[in-house]
């Protein structure tokens, strides 16, 4: 009985370590980029392959890993569990980052064209530049970090398929980009809810610091609703397929976790941010694929 209990505890501890690595190591969050790329490719009927998805995965993984490594001391005040997990492998971070960079470099050399490589290098530099050059602007310009981050995500998700396939830039891509930007803006502002106390001490002018938790959540609900208007406009104009209407399911998904967060304490907000909030984007391409399959079976539905 004692041995069985000890083995069970050992397995539970091992599974907890794997869970923390997936969440706090940036692996879950990095899935957001290929999810955007796949969603845009499906909606616009662009060519897509595993190489492009792999490229789009390693870019945010590198940026997240670099940021987590740089912010270990700062995070120790606001995210104790993540800091404790990442500190255990702090010495390995330069090696891990080097592996990620080598893999990305090989993927770019073998599969990317010069336009995509230039675009990717620009995005990576913008991501790294925030910590070293632009972070101070957050103490001067309200919500600067939120708009900056959301724009990078939206630009990457929308223009990767164009540059990879050398497609013509059509209005549908811009409308989808606006949709992704607004949904990302909800996400990144929501992430700041858990950091109100620390951001206030650092003098950062995030919306949660300026407005407080309740007013920020009210604003995010409005932003969540507004995000779908570019999709509706594209469908009305005939440049986005009708089955994209299935994405409205995610209005209710976001509304649910925003409602859940109203009474959540800081620890629960961290969990909701790291799992439920990011996981929305990972579900996007699966729902689009479901809509396409249903349209094949029931062609007269729309």
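Values in this text are rule-based calculations from the coordinates and carry no lab data. Here the structure is a predicted model, which means the values were calculated and not measured. Reconstructed Cβ throughout: ideal geometry from the backbone, glycine too, with neighbour counts over all protein chains shown.
Details
- Sequence ranges 156-163, 181-188, 252-259, ranked by mean other-Cβ count within 10 angstrom, highest first: 156-163, 181-188, 252-259
- Exposure proxy shown here: for 216, 248, 39, the number of other Cβ atoms within 10 Å sets the order, fewest to most, as 248, 216, 39.
- Overall form of the stretch 25-288 per C-alpha gyration tensor (a/c, 1.5; a/b vs b/c): oblate
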